[in-house]
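S.K.: Below are the structure tokens for one structure; questions will follow.
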Protein chains: 6
Amino acid sequence: MFTVCVRDHVMIAHSFRGEVFGPAQRLHGATYVVDAEFRRRQLDADGVVVDIGAAHALLKDVLGDLNFRNLDEEEAFAGRNTTTEFLAYAIWTRLADHVRSGALGAGGDGLCGLKVTLHESHVAWASFEADLPR
Amino acid sequence: MFTVCVRDHVMIAHSFRGEVFGPAQRLHGATYVVDAEFRRRQLDADGVVVDIGAAHALLKDVLGDLNFRNLDEEEAFAGRNTTTEFLAYAIWTRLADHVRSGALGAGGDGLCGLKVTLHESHVAWASFEADLPR
Amino acid sequence: MFTVCVRDHVMIAHSFRGEVFGPAQRLHGATYVVDAEFRRRQLDADGVVVDIGAAHALLKDVLGDLNFRNLDEEEAFAGRNTTTEFLAYAIWTRLADHVRSGALGAGGDGLCGLKVTLHESHVAWASFEADLPR
Amino acid sequence: MFTVCVRDHVMIAHSFRGEVFGPAQRLHGATYVVDAEFRRRQLDADGVVVDIGAAHALLKDVLGDLNFRNLDEEEAFAGRNTTTEFLAYAIWTRLADHVRSGALGAGGDGLCGLKVTLHESHVAWASFEADLPR
Amino acid sequence: MFTVCVRDHVMIAHSFRGEVFGPAQRLHGATYVVDAEFRRRQLDADGVVVDIGAAHALLKDVLGDLNFRNLDEEEAFAGRNTTTEFLAYAIWTRLADHVRSGALGAGGDGLCGLKVTLHESHVAWASFEADLPR
Amino acid sequence: MFTVCVRDHVMIAHSFRGEVFGPAQRLHGATYVVDAEFRRRQLDADGVVVDIGAAHALLKDVLGDLNFRNLDEEEAFAGRNTTTEFLAYAIWTRLADHVRSGALGAGGDGLCGLKVTLHESHVAWASFEADLPR
């Protein structure tokens, strides 16, 4: 299996509901350093998993919708705790939708898997990984 | 698959038996920066894989039994080479036992996998990964 | 010159005032991975710059006053942009006050310099450094 | 599953053919920080996945054939774009051949998987992973 | 002293002249992960050392003149070994010229120092640092 | 000022004397990832601060005298706590002696400063820095 990973980041505010979160129930924020890993069984004719420039641009585009925002006010996340693992899934879904819509060109059709990892500090990270439907 | 990872570290002394280890047969030591990755197929009602505070506390607790010790004198490791990969397994087993015993609360029941990685330097690490029995 | 550095982190929300900040004028947030470097010309009788356990505890204590908070609502920062560099200075000041007040014990008297660095992402950090008055 | 990983690096020049590569069609170069992960289901009698000294030596040996070279002039890569993901595969193949030939000693027989990751910058990496035939 | 640092990277080919360089006399290449640190004694009215967006853009602009190139063919470097430390100086000079020319706006006038660090691998880096003339 | 830094590591056992060390009074150990920074005001005729291959070899040589050892049994450290900061100084002294003795060739004469940093974990490091006498 081949994998290509690109990295970018996003800075957001949010709060959590539920006693399990302790002081994180207060409005606070995070920098997420985000890794998007694209998987492919065979390289394409150019010898790549994905056009890495297009992959960087797609990740920046998807993160741009979240960047410098208070996620508590985003309709898409109403009633949800925007935990690191939840956001990994949310970003995964958006990336997968764009891949399906052709954002990575014809090469995107060959992708078979996607993993999104959010590093929230030097001591914690979370990820979501799943196959991409063909 | 969702994953949440927490990081901590432990500082130990030990020696190895076997010519393959060369100078590492002498008493020496290591800092292991330890990553514990908890896996879950679905997020729980709070939107998490695991209570991250409880995960950090559990890892610190398990590492506390090894920290600042000479592993050559630990009964639990008698007759074993406490290599990085062996210790990854030993820490995995202890974490898994605690998860089964409820150290992560009811949420621990939903965990389906665990990976433990020990970084021994900037040029070497080892890990053990296995499913967690339900 | 001897230096000992300890690392911890803090997660906050805030917004900036001023057109130069562009979208960062909106409420957003950050994880700051914080390095506190303590400097001493000579080691003390125990062979240390500072009791590293006490240094870790002091840094956690100072960051605890900021952690999981919206800095826009902190009286101490009223009318100020809590930029990364400003916060490096704010944390420096608080650490220096505690050192002067004996938080690091008698050993703190020998410290001659302090540097505080805040890593806001994988592509940006800021710091404040100054001598500590004897 | 047990994994042991060793890290080294290689510095090469190359160019790419294909409009998708934009300015990378010009002769340029890269440092690849290379991780080789060796997998084994059970530890051997010494308690290791692989003799880590032998693993470091093998990786250095394989990278030595590429180091400080212009890959455009390497016969082995004639007509191929030596992208990061392609090189991960090329290095994987060479490592696997050496393992099969006994470069890691008898212990190499127990290896069941190999992953090679090339970090090309702080914001991009690529890997190839596959089982090792017994 | 306040410092703000921004990070980017550049991928180049080159060769060295002189027996001291051994195999690096052959055409090869490198990824340089580049840190540019801007220093200021006091924060400006906005509470910053420098507009961090402008600093990122300036660094990208300066690196753009080198990126995806064979430095052996650059007139600016004719007759010079483009070692990591030499390139740190070359990039320092270009950044300093741009600061003087107003690329960072009026705020650039307050800068008093600049450091440029090039990370060439996980085991080596080089830097050049000097005061900025007012 | 120009700086070139090379990185290596060492794995040792030791114990500390003094109540301030708490559980670290027990025999334990550490991996130290060691950075040696060599400073020079002007580049030499080859365009370097130091022959980087020679610098790597010198650092490995100096660390080789400590590697895989119990520092409590080293005569050179009798009666001393081999803290991270003390070891930074000890390694500094040995590197400086070798530079003075010509281990880096004639080029070593131009060096004006040296800094040694020991990373003991992902949350702590220590260093010693001083000018090199001409």
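S.K.: Below 9 angstrom from the Cβ of E:A126, what's the summed charge of the other residues (Lys, Arg +1; Asp, Glu -1)?
M.R.: Net of charged neighbours comes to -2.
S.K.: Which net charge results when you count Lys and Arg as +1 and Asp and Glu as -1 among the other residues whose beta-carbon is under 15 Å from that of B:G107?
M.R.: Local net charge: -1.
S.K.: Given the C-alpha atoms of the range D:83-134, compute the convex hull and give its volume per residue in Å³. Provide the component values of the computation, followed by the final result.
M.R.: On the way: hull volume 3.7 nm³, N = 52.
Normalising the Cα hull of the range D:83-134 by residue number yields 71 Å³.
S.K.: Quick one: dipole size for the protein assembly as shown, taken about the Cα centre, charges +1 on Lys/Arg Cβ and -1 on Asp/Glu Cβ, in debye to the nearest 20.
M.R.: Approximately 0 debye in magnitude.
S.K.: Where does each of D:120-127, A:35-42 land if you order them by average Cβ count within 10 Å, highest first?
M.R.: In descending order of packing, they fall as D:120-127, A:35-42.
S.K.: Then there is this: Using mean Cβ contacts within 10 Å as the protection proxy, how do D:51-61, E:47-57 order, highest first?
M.R.: So the peptides D:51-61, E:47-57, ranked by packing, come out E:47-57, D:51-61.
S.K.: Across peptide F:83-95, how many C-beta atoms of other chains are within 10 Å of each residue C-beta, on average?
M.R.: 3
S.K.: Can you check how the C-alpha radius of gyration of the range A:36-105 compares to 2.2 N^0.38 Å, as a plain ratio?
M.R.: 1.29
S.K.: Write down the Å³ per residue value for the convex hull defined by the alpha carbon atoms of chain A.
M.R.: 110 Å³
S.K.: Could you work out the local net charge near D:D8, counting Lys and Arg as +1, Asp and Glu as -1, over the other residues with Cβ closer than 11 Å to its Cβ? Please report the intermediate quantities before stating the final value.
M.R.: On the way: positive: D:R7, D:K60; negative: D:D35, D:D61.
Value of the local net charge: 0.
S.K.: What do the square roots of 5 times the Cα gyration tensor eigenvalues come to for the range C:1-74, in whole Å, largest first, as semi-axes of the equivalent ellipsoid?
M.R.: 34, 14, 8
S.K.: How crowded by other chains is B:74-81, given as the mean number of beta carbons from other chains within 10 Å of each beta carbon?
M.R.: Across B:74-81, the average partner-chain Cβ count within 10 Å equals 1.
S.K.: Round to a whole angstrom and tell me the spacing of the C-alpha centers of the range A:62-108 and the range F:8-50.
M.R.: That distance is 43 Å.
S.K.: Across peptide A:99-112, what mean number of C-beta atoms from other chains lies inside 10 Å of a residue's C-beta?
M.R.: 0
S.K.: Suppose we keep just the DSSP beta bridges with both residues in chain C; what percent of those would be antiparallel, to 5?
M.R.: Here the antiparallel bridges make up roughly 95 percent for chain C.
S.K.: Right, next: When the helices in chain F are scored as -39500 (n - 2.57) per DSSP H run of 4 or longer and the sum is shared across all residues, what 222 nm value do you end up with, to the nearest 500 deg cm²/dmol?
M.R.: For chain F, the value works out to -7500 deg cm²/dmol.
S.K.: Report the semi-axes of the equivalent ellipsoid for the protein assembly as shown in whole Å, largest first, where each axis is √(5λ) for an eigenvalue λ of the Cα gyration tensor.
M.R.: Each semi-axis is √(5λ); the values are 33, 33, 33 Å.
S.K.: Using the 7 Å Cα-to-Cβ label point, sort the distances from A:G79 to its equivalents in the other copies shortest first and give them in nm to one decimal.
M.R.: From this label point to the equivalent ones elsewhere in the assembly: 4.5, 5.9, 5.9, 7.4, 7.4 nm.
S.K.: Label-to-label distances across copies for B:K60, with labels 7 Å out along Cα→Cβ, in nm, shortest first?
M.R.: 0.4, 4.0, 4.0, 4.0, 4.0
S.K.: If you don't mind, another one. In whole Hz, with x marking every Gly and Pro, tabulate ³J(HN,Hα) for the range D:97-107 from phi via Karplus 6.51 cos²θ - 1.76 cosθ + 1.60, θ = phi - 60°.
M.R.: 4, 5, 4, 4, 7, x, 4, 9, x, 4, x
S.K.: In degrees from 0 to 90, rounded to the nearest 10, what is the angle of the helix C:52-64 Cα long axis to the longest principal axis of chain C?
M.R.: Value to nearest ten degrees: 20.
S.K.: Moving to a separate point now. Can you give me the solvent accessible area of D:Y89 with a 1.4 Å probe, rounded to the nearest 10 Å²?
M.R.: Accessible surface of D:Y89 is approximately 90 Å².
S.K.: Counting only protein heavy atoms, what percent of the accessible surface of chain E is carbon or sulfur at a 1.4 Å probe? The partial results should precede the final answer.
M.R.: Numbers: 2460 of 5250 Å².
Carbon-and-sulfur percentage of accessible area, whole number: 47.
S.K.: Turning to a different aspect of this structure: Which residue is it, in chain A, whose C-beta lies closest to the A-to-F rotation axis, and what is that distance in whole Å?
M.R.: So the chain A residue sitting closest to the axis is A:H122, 3.
S.K.: Given D:K115/F:K115; A:K115/F:K115; D:K60/E:K60; B:K115/C:K60; B:K60/C:K115, which pairs have Cα atoms separated by over 30 Å? Show your work: numbers first, answer last.
M.R.: Numbers: D:K115/F:K115 36 Å; A:K115/F:K115 40 Å; D:K60/E:K60 33 Å; B:K115/C:K60 28 Å; B:K60/C:K115 28 Å.
Long pairs (Cα-Cα over 30 Å): D:K115/F:K115; A:K115/F:K115; D:K60/E:K60.
S.K.: Using the heavy atoms of the protein chains alone and a 1.4 angstrom probe, what is the accessible area of the range F:75-120 per residue in square angstrom?
M.R.: Ligands and nucleic acids excluded, the result is 38 Å² per residue.
S.K.: How big is the dipole moment of chain A about its Cα centre under a simple scheme where the beta carbon of each Lys and Arg is +1, that of each Asp and Glu is -1, and everything else is neutral? Debye, nearest 20, please.
M.R.: 160 debye
S.K.: Taking each label point as 7 Å beyond Cα in the direction of the beta carbon, state the distances from B:P133 to the same residue in the other copies, shortest first, in nm.
M.R.: 3.6, 3.6, 6.6, 6.9, 7.6
The values are calculated or read from the model by the stated rules, or taken from the named source; none is laboratory data. Predicted, not measured: the structure shown is a model, and the values here were computed from it. FYI the Cβ positions are ideal-geometry reconstructions off the backbone, even for glycines, and counts take in every protein chain you see. Note: areas computed on protein heavy atoms with side chains; ligands, DNA, RNA excluded. Shrake-Rupley method; radii C 1.70, N 1.55, O 1.52, S 1.80 Å.
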